[in-house]
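One structure is given here, and the rest of the page talks about it.
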Amino acid sequence: MITRLFLIGITLLLTFETYGQTTTYYRDKYRLEKVAEPQARYYEVVTEEDSIRTIEFYRVKGNVLLDVHAYKGNQPFRVWRTYNRKGEEVSSLDYDFDVIYLDEKPDSGMYFSWFNEKYVTDTTGELTRPDIITSEQLAKYLAYTLRYPRQAVRSGTSGKVKLLCRLDASGDEVSIYILNGGVEPHLDKEAARAVRQALNGYKPGHLDGEPIDVYLLHEVVFKLSN
């Protein structure tokens, strides 16, 4: 009996350490003024589970979910969703992937440019470019798809995110790396999300007729206007 109670206690302790929830009440939708629950018009629920922090924001009237987003460490993670006051989804941003930070790009590997029909890497073999959208299509796509994260807007953060994209020989995996330390987690992940999405459905590059992994360098600039 004592052993059983001990095991139950350990289980509850582990649950408490990996799972927790807090609620904060606000008068305004911008979450600037915290208030007591009776005076609240909005409230935020933060759930911590393992290494994932999920944030849900509600309007008190009707108990309507307005947005939900999550973090893995300090990086945006999972799918961020925004809803209108009727509870209808109005936008979603897919951050459900990991990015890796690198100090510099690998020396080995096949590199090509989005803006140059020829490979950057020299080789004695016959190289065929991956089949991806053109640079002109990319510019239009990013203009439509890219979002300036409100967290970065509030902090006045801007900069140039340098991306290294590895297009797998299998044709179904794009790995995104952030070079030179990145700019800021929200900007880094948003740049990676948009470019990764632009590369969706690519066909791999080939060397002497065999599919190979190739690397693509690209920069995404975030600039706040006055």
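The values are calculated or read from the model by the stated rules, or taken from the named source; none is laboratory data. Just so we're clear, the structure is a prediction, and the values are computed from it rather than from any experiment. Neighbour counts are summed over all protein chains in view; Cβ atoms, including those assigned to glycine, are modelled from backbone coordinates with ideal geometry. Surface areas here come from the heavy atoms of the whole protein model, side chains and all, with no ligands, DNA or RNA. Shrake-Rupley method; radii C 1.70, N 1.55, O 1.52, S 1.80 Å.
Say each of Asn200 and Arg41 gets a label point 7 Å from the Cα, pointing the same way as Cα to Cβ; how far apart are those two points in nm?
My value for the distance between the label points is 3.6 nm.
Take the alpha carbon gyration tensor of the stretch 145-226, find the square roots of its eigenvalues, order them as a ≥ b ≥ c, and report rounded if a/c is under 1.5; if not, report prolate when a/b exceeds b/c, else oblate.
Details: a/c = 3.38, a/b = 2.61, b/c = 1.29.
Judged from the Cα gyration tensor, the stretch 145-226 comes out prolate (a/c at least 1.5, a/b above b/c).
Using 0.36 nm per residue, how much length does the chain from Arg31 to Ser170 gain when fully extended, once their Cα-Cα distance is taken away?
Numbers: separation 139, 0.36 × 139 = 50.04 nm, distance 4.51 nm.
Gain on extension, Arg31 to Ser170, equals 45.5 nm.
Rank Leu224, Leu138 by accessible area, highest first, at a 1.4 Å probe radius?
Numbers: Leu224 60, Leu138 5 Å².
If we order Leu224, Leu138 from most to least accessible, we get Leu224, Leu138.
Quick one: divide the alpha-carbon radius of gyration of the chain by 2.2 N^0.38 Å and tell me what you get.
Details: Rg = 22.4 Å, N = 226, 2.2 N^0.38 = 17.3 Å.
Normalised by 2.2 N^0.38 Å, the Cα Rg of the chain equals 1.30.
How far is the Cα center of the stretch 159-226 from the Cα center of the stretch 73-117, in Å?
Result: 8 Å between the Cα centres.
Report relative contact order for the chain in percent, whole number only (criteria: Cα-Cα under 8 Å, sequence separation at least 6).
Numbers: 425 pairs, mean separation 36.4, N = 226.
Once divided by the residue count of the chain, the mean separation gives 16 percent.
May I ask you to give the solvent-accessible area per residue for the chain, in square angstrom, as obtained with a 1.4 angstrom probe? Present the calculation step by step, with values, prior to reporting the outcome.
Details: 13990 Å² over 226 residues.
Normalised by residue count, the accessible surface of the chain is 62 Å².
Can you send over the carbon and sulfur percentage of the accessible area for the chain, probe radius 1.4 Å, protein chains only? Kindly include the intermediate steps, with their values, before the conclusion.
Numbers: 7020 of 13990 Å².
That share works out to 50 percent.
Distance cut-off 19 Å, Cα to Cα: go down the list Lys118/Lys189; Lys72/Lys189; Lys72/Lys223; Lys160/Lys203; Lys140/Lys223 and report the pairs above it.
On the way: Lys118/Lys189 29 Å; Lys72/Lys189 11 Å; Lys72/Lys223 25 Å; Lys160/Lys203 28 Å; Lys140/Lys223 17 Å.
Correct reply: Lys118/Lys189; Lys72/Lys223; Lys160/Lys203.
Using just the helices of the chain, give the 222 nm mean residue ellipticity in deg cm²/dmol: DSSP H runs with n ≥ 4 each add -39,500 (n - 2.57), and the total is spread over all residues, rounded to 500.
On the way: 4 runs with 48 residues, N = 226.
Rounded to the nearest 500, it is -6500 deg cm²/dmol.
Please express the shape of the stretch 29-98 as an equivalent ellipsoid: the semi-axes are the square roots of 5 times the eigenvalues of the C-alpha gyration tensor, given largest first in whole angstrom. All intermediate terms of the calculation are to be shown ahead of the outcome.
On the way: eigenvalues 105, 50, 15 Å².
For the stretch 29-98, the semi-axes come out at 23, 16, 9 Å.
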